[in-house]
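Asks: Structure provided below as structure tokens; questions to follow.
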Amino acid sequence: MRVSLTPGIVLHQRAFQDHHSIIDCLTLEHGRISLMARGLRGKSSRRAGIIQPFCELLLSFSGRGDLPLLGAVEPQGPGRPQLQGTRLLSALYLNELILKLLPPLDPHPLIYRHYLSTVTQLPDCHIGDTLRLFELTLLNEMGYGPVLDYDTEGEALDADALYQIDPEREPRRIHSVMKQDDQVHGATLIALQSGAFNSHRDRLESRRLMGLMIDHYLDGSPLKTRAMLKNFHDTQR
């Protein structure tokens with residue numbers, strides 16, 4: 001494989017031996033891929049200042065096997081957004097979701113573009129709404145998204161009704177309130193589909209719904225950034 005200056009984003013970077021690094025990337029044309037960056041941690045490395053998370057780069061790489069060698073790197077686009085606190089942790093959460101859910105070498109241009117749009121919006125947006133819409137795009141593109149327009153009986157969703165959620169089937173309308181985490185109102189499902197959250201309840205239930213869906217497909221693998229966000233919020237109280 002030899003690829004020249006393809007658009008990509010660095011999701012994660014870890015040290016390898018004395019001066020090298022392994023970088024996990026999301027690319028437009030090749031999906032998620034891990035690359036060996038030789039000498040990246042050396043004092044004379046010119047690429048170290050360019051390889052930053054949350055911004056688009058142009059990446060060249062070559063080689064066979066699971067760890068191609070990173071070549072030339074060039075900046076692309078507006079650069080890294082200014083993120084702090086919850087907004088920075090939210091961006092790291094997006095990266096971890098992609099790393100844990102998206103298979104390698106499986107390109108999804110819509111996920112790539114939605115990621116760039118999301119991190120660009122994060123400095124000024126409503127964080128919860130923006131994260132929910134990215135989570136939905138990610139699951140939909142992978143074929144795991146929730147059904148948001150009809151129930152198990154094939155009926156259109158009723159905004160005032162209550163539904164029980166099963167990640168692998170349509171919402172099931174229920175007529176009793178058992179106060180379980182897998183229950184949401186039809187209005188929440190409708191809001192998630194439209195991308196317009198009109199109430200505090202919509203936001204709380206959509207967060208719970210997407211958390212349920214993501215946990216199901218993570219199959220027990222914990223998200224470190226989710227715990228980091230909780231700890232950060234706890235310290236701010």
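Laboratory data are not the source of any read-out in this text; all were calculated from the coordinates shown. Quick caveat, the model's predicted, so the values are computed rather than measured. All Cβ positions, glycine included, derive from the backbone under ideal geometry; neighbour counts span all protein chains shown.
Asks: If the cut-off is 17 Å between C-alpha atoms, which aspartates and glutamates fall inside it for residue 100, apart from same-chain ones fewer than 8 positions away?
Replies: 24, 66, 135, 141, 215, 219
Asks: Report the residue, chosen from 160, 129, 149, that carries the largest GNM mean-square fluctuation when the chain is represented by alpha-carbon nodes joined by springs under 10 Å.
Replies: 160
Asks: Would you mind checking the tilt of helix 224-236 against the longest principal axis of the Cα atoms of the chain, expressed as 0 to 90 degrees and rounded to 10?
Replies: Once rounded, one gets 70 degrees.
Asks: Can you show me the helix-derived [θ] at 222 nm for the chain, built from DSSP H runs with n ≥ 4 at -39,500 (n - 2.57) apiece and divided by the number of residues, rounded to the nearest 500.
Replies: After summing the helix terms and dividing by the residues of the chain, the value is -12000 deg cm²/dmol.
Asks: Another question, if that's okay. Mind checking which of 123, 104, 78 has the largest fluctuation in a GNM of the chain, springs on alpha carbons under 10 Å?
Replies: 78
Asks: On a full-extension model of 0.36 nm per residue, what is the gain between residue 64 and residue 173, subtracting their alpha-carbon distance, rounded to one decimal in nm? Let's see the in-between values first.
Replies: Details: separation 109, 0.36 × 109 = 39.24 nm, distance 5.10 nm.
Gain on stretching residue 64 to residue 173: 34.1 nm.
Asks: Here's something else I'd like to know. Could you please state, rounded to a whole Å, how far the C-alpha centre of the range 29-92 is from the C-alpha centre of the range 176-237?
Replies: About 31 Å separates the Cα centre of the range 29-92 from the one of the range 176-237.
Asks: For a quick protection proxy, order the peptides 60-66, 105-111 by their average other-Cβ count within 10 Å, most packed first.
Replies: Values: 60-66: 13.6, 105-111: 15.4.
My ranking of the peptides, most packed first, is 105-111, 60-66.
Asks: Then there is this: Charges at C-beta only: +1 for Lys and Arg, -1 for Asp and Glu. How large is the resulting dipole of the range 153-201 about its Cα centre, in Debye rounded to 20?
Replies: Rounded to the nearest 20 debye, it is 200 debye.
Asks: Separate question: Explain nothing, just the number: relative contact order of the range 133-232, from Cα pairs under 8 Å at least 6 residues apart, as a whole percent.
Replies: In percent, rounded to a whole number, it is 23.
Asks: Turning to a different aspect of this structure: Starting from the 7 Å offset along Cα-to-Cβ, what nm value, one decimal, do you get for the label separation of residue 199 and residue 41?
Replies: In this crude spin-label approximation the distance works out to 5.2 nm.
Asks: Hey, can you rank 21-29, 183-191 by average C-beta count inside 10 Å, highest first?
Replies: My ranking of the peptides, most packed first, is 183-191, 21-29.
Asks: Can you give me the Rg/Rh ratio for the chain, using Cα atoms for both radii and the Kirkwood formula for Rh?
Replies: Values: Rg = 19.9 Å, Rh = 19.4 Å.
Taking Rh as the inverse mean 1/r over Cα pairs, Rg/Rh reads 1.03.
Asks: Something else now. Quick check: convex hull over the Cα atoms of the range 142-237, volume per residue in Å³, rounded to an integer?
Replies: Cα convex hull per residue, to the nearest whole number: 127 Å³.
Asks: What is the sum of charges around residue 81, taking Lys and Arg as +1, Asp and Glu as -1, for the other residues whose C-beta is under 12 Å from the C-beta of residue 81?
Replies: Here the charged neighbours net out to 0.
Asks: Placing +1 at every Lys and Arg Cβ and -1 at every Asp and Glu Cβ, with all other atoms neutral, what dipole size does the chain have around its Cα centre, in debye to the nearest 20?
Replies: Result for the chain is approximately 1440 debye, rounded to the nearest 20.
Asks: 7 Å from Cα along Cα→Cβ at both residue 234 and residue 161: what's the point-to-point distance in nm?
Replies: The answer from the label model is 4.0 nm.
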